[in-house]
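Here the structure comes first, spelled out in structure tokens, and everything after it is commentary.
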Amino acid sequence: MSSITAEMWRIFRKEVEKLGDMRDGTLQSLNAATRNGEEIKINIHKWLAKVDGVLAEAEGLDDEIALRTNGVSVGGLLIGPHGISLVVMAVVSQTPDLRKIQGQLGDMLGVQFREETESGRADRLFARLKESLKARSTRAVRLYSLHGEQMLAMPWELNMKKIPVRFLSSEESWDLFRKYVGPVIDTSALNDVAMEVAKECQGLPLALVTVGRALRDRSLEGWKAALQRLKRSKSVNVDDTEDVFSCLKLSYEYLGDDETKFCFLLCCLFPEDHDIQIEGLARFAMGKRLFSDVDTMEEARRQIHEIIMHLKASCLLLDSDKEGCVKMHDMVRDLAIGIASRGNITFLVRTGLGLKEWPNMETFEDSMCISLMTSDIKKLPVGLKCPKLQMLLLGGNEGFEEFPEAFLRGMPELRVLDLSERVGARSLLPVSSFSVNMSVLPSILSVLPSILTLSHSRPFLEHLRTLHLDRCKLGNISILGKLKMLEVLSFFGSDIEILPREIGELSNLRLLDLTFCQYLRIVPANVISRLSRLEELYMGCSFKRWALKGTGQERSIACLSELVSLPRLTILCVELRHVACFPNDLLLHNLHKFEVTIGFQDSVKCYPNSKSLYLREIETAIPIEVKTIIQSTEELTLFCTKEINIVPEISSCGLNDLKYLKIISCDSMFSLINANEESPPVIFAALEELHLWRLDNIKVLCRGSLQTPSLRKLRILTVERCNFYVSFLPFELLNNLQSLEEVTIESVEGLRYLFPHSIAQSLQQLEFLKIKECSSLERIIAKAEEGNPMDCAQAVGFPNLKIVQVEGCRNLRSLLSVTTVRSLQQLNKITIIKCEVLVEIISHVQEGEDEDDDEILLPKVKSFEVRDMSSLKRLCSENFSLNLPGLKDLVVDRCPMMGTFATDGPAYGLGSASKLKKVQVDGQTLSATAIQQLFSIKFFFITPPLASAVAAKLHGQSPVWKCQSSWASVCLHQSGTVCCLSSINHLCETFLGIF
């Protein structure tokens, strides 16, 4: 089999799954028609046989899969008897970092390294892979290089061999190219030249993707011009790397405006495989004056985000696993460095190379940007002449302790200076972390580097606009007050103790970042208030000792009232120890984003992206000035406050801007909303997430009725460790929860049922349901007669439900009814654990449920797990058969009443499962042969009259007889006789004599 791309393989597998679903649906209809005595055309049987052959062949292809592309990762596949059972990925750049690769693979395999050496870590990874091989009956581990060079395979014997990887074929190249250009490529005028362009990409996926994206909106003449440029850039014997670079350069040249191109080049200043902060790019761009029409930091940030989206759409930048970051492919980075290193104004990039000395070059006179990040330079040179230098990035250099006076003498145009992460950068606070565990701060800050002093550098930094001193141990920095042009100043994670009064002289400062300056204990009065052009102030997890207005403290220590003097302030992140520190004259209506913390919280968003307020341990009633801010808040967290409800006690206006609400340990709270004649007509109209934790006295979410817009956007509901009576969702919310997608209920006492019948009928968008440790819970959905008399008898269905997890509900007697389950056509995963009295997962409990159709089809269920179920006898109610054509993993552990499941699965309600790959029963994994045997027989349900005829035929003998070609057993049941035979033909042969 010729090797295929990962994208093609994904599409292929998706089509195979569609075909399988079609086959299962057809078979379902065929069985129903057969039971109704309808005539079946022979073409249907031929089609099913042909499809079965195709699916079997497709399963075989799993064992030979090969991936090849020009990406930046290495992948590993564990290949078992039924195809791929595990995929792991790690980034491998052109200069591999082995420890980082080991860490990425270890994270995906669940390995925690204790070893310090690379060889020790490798041994642990090797042992873990061997465990996975045995546990998954896997015969091979294949490690794939994604640079188009080779891949390594480790068979069960773990012998190494190399397998060459070819580039895409012409057909594969065209399919990939067409995908990224779009349907316009199929027009007669464009098709021929487009095929020529695709051919010039030489089967290289990265080239095909970037060129396709670059040309998709071009005219025919633009396509022809691009084709000529690609042909001119290559010679007959040029290597593949040059092919890629010529294609990538074409994509770069088609970016359009100079701002986008320069932003692209900025990304090459960072080390290989670096998580590039978009926020950092915005600050650098602001200092560089990249945008001529930008007046504020927010505008610059918006421009950068738009450019980043464009670059990602052009496949010149990649998404990062870290929030707020992007990555640059190493080959794209090489191209960017090559472009930026030529011309009259150049970049000098020597990052991550472990340099011990300043680069030895004849001249730096043409350098606009110099980046020597993550080096080990001990000594800075003097006498440098860099008349055009505007950006100098020296973050991560561990050796030098101060700047010699003459070092900056020859840099008169310097605009951006970054000295962040000077020592132990990867062990210190990550700038890109938007939520940091506060418990690790003391040990982190104790390893900050030696004193950095800038006391002699002022005369050569007069044009500086952006200065980063992140994670630095700082000495006397009062001289910074002389940098009159400074607009961005960051001390993120530094050990600064006193903010110099001279900082107040920075009349052009737009952004001041003091985030995680945990040692900052003094901010003098009237320093912040003098920063009249300040737009953004970040002080999360930093200074908290704000002065109380009117006590005299404000004469020496900063008071929050000073923020009133900052008319341009739009973003604020600040913490207060006590609610009394919040001034009554501080209004935040003009702020676009803020995070205000009163009290203490365990994690802080470094850079808020909404309007967020956190209140903790407010011993008195919430002051009116804080309630005023709550009116405009989008995210609100209440921890140990004294209010008995949110509306109307905290707010009488409905909080209709609020999108996120979290309430923790508020023992006085009896309900979330007390709706009465004095309440606002609409409440929580924009609320999307609601989280309730440890509310011991709450009884119900809402008292009274709400108008339809109230709670109408609620998508996520989490309730943990609360005490509700019977049900926490009143009938009055029938028309308010129709957008609910995720429900998590854990350790809620007193709850007898989760959803009233009427509300359950309205949850058409529900996708995720998790219930854990609810000891009083008896059923998920209340019976109609248990609740509102207005409940209609209409069946309850959750058509979008994908995941059901229930654990530790020891009184649960009814989980899902047959009628409800029939609606779960999107269900993907079922997990039921420790529900001691539950007899069957799917119960026949509702009046009028359809008994004519004895098969229940859940086509998308891939995982079904039941554990520690002492009373469980069946997966499905008697007289019904559960067919799971997409099921891959089945676990039945410690369910003693289902003791013979391993050899007689269908007797417990499980019908067909054609894709089943793994069955675990009581800790033992069944072999592939046993799985096939488990479903090699068919079960048919016989009506009582026919059962009587069978009994008469037997004349009282043992209910076992020999038919023409096999043995079959007959077990008499009250509702009929279940007959187990090897095929429907045997069933017909057996009963021929009865009629």
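The values are calculated or read from the model by the stated rules, or taken from the named source; none is laboratory data. Fair warning: this is a prediction, and the values are worked out from it, not measured in the lab. As a convention, Cβ positions derive from the backbone with ideal geometry for all residues, glycine included, and neighbour counts pool all protein chains shown. Keep in mind that these areas ignore ligands, DNA and RNA; they rest on the heavy atoms of the full protein, side chains included. Shrake-Rupley method; radii C 1.70, N 1.55, O 1.52, S 1.80 Å.
What the Cβ-Cβ distance of His305 and Glu749 gives, at R0 = 56 Å and to the nearest 0.05, is a FRET efficiency of 0.75. With all protein chains in place and ligands, DNA and RNA left out, the 1.4 Å accessible area ranks Thr551, Thr570 as Thr551, Thr570, largest first.
Straightening the chain between Ser119 and Glu643 buys 182.8 nm, computed as 0.36 nm per residue apart minus the Cα-Cα spacing. Between Ser556 and Ser532, the modelled labels are 2.9 nm apart [label points 7 Å from Cα along Cα→Cβ].
Using the beta-carbon distance between Ala313 and Met195 and R0 = 30 Å, what value does 1/(1 + (r/R0)^6) give for FRET efficiency, to the nearest 0.05?
Working: r = 23 Å, r/R0 = 0.77.
Here the calculated transfer efficiency is 0.85.
Computed from the C-beta positions of Asn344 and Ile522 and an R0 of 56 Å, the FRET efficiency is 0.70 to the nearest 0.05. Placing a label point 7 Å from the Cα of Ala406 along the Cα-to-Cβ direction, the residues of the range 343-369 whose backbone N falls under 18 Å from that point are 358-365.
Sorting Met22, Met361 on solvent-accessible area from highest to lowest, probe radius 1.4 Å, gives Met22, Met361.
Label zone of Val837 (point 7 Å out along Cα→Cβ, amide N under 16 Å): in the range 861-878 this covers 869-873. For Thr466, the solvent-accessible surface computed with a 1.4 Å probe is close to 0 Å², ligands and nucleic acids excluded. Remark: for residue pairs Lys288/Lys484; Lys605/Lys642; Lys388/Lys482; Lys834/Lys888; Lys860/Lys917, the C-alpha separation exceeds 19 Å in Lys605/Lys642; Lys388/Lys482; Lys834/Lys888. With both labels modelled 7 Å from their Cα along Cα-to-Cβ, the Glu502 to Asn723 distance reads 6.1 nm.
Charged neighbours of Ile931, selected by a Cβ distance under 10 Å, balance to +2 (K, R count +1; D, E count -1).
Rounded, prolate or oblate: which fits the range 475-520, taking a ≥ b ≥ c as square roots of the Cα gyration tensor eigenvalues, rounded meaning a/c under 1.5, else prolate when a/b beats b/c? Verdict is oblate for the range 475-520. Distance between the pseudo-spin-label points of Phe670 and Ala930 (7 Å out from Cα toward the beta carbon): 5.9 nm. Using the average count of surrounding beta-carbon atoms within 10 Å as a protection proxy, the listed peptides 103-116, 584-597, 689-702 rank, highest first, as 689-702, 584-597, 103-116. Residue pairs exceeding 26 angstrom between C-alpha atoms, taken from Lys261/Lys356; Lys179/Lys199; Lys378/Lys473; Lys261/Lys593: Lys261/Lys356; Lys261/Lys593. Within the assembled protein chains, the solvent-accessible surface assigned to Asp175 is about 80 Å², based on a 1.4 Å probe.
In terms of the mean number of neighbouring beta-carbon atoms within 10 Å, the peptides 190-196, 284-290, 527-533 order highest first as 284-290, 527-533, 190-196.
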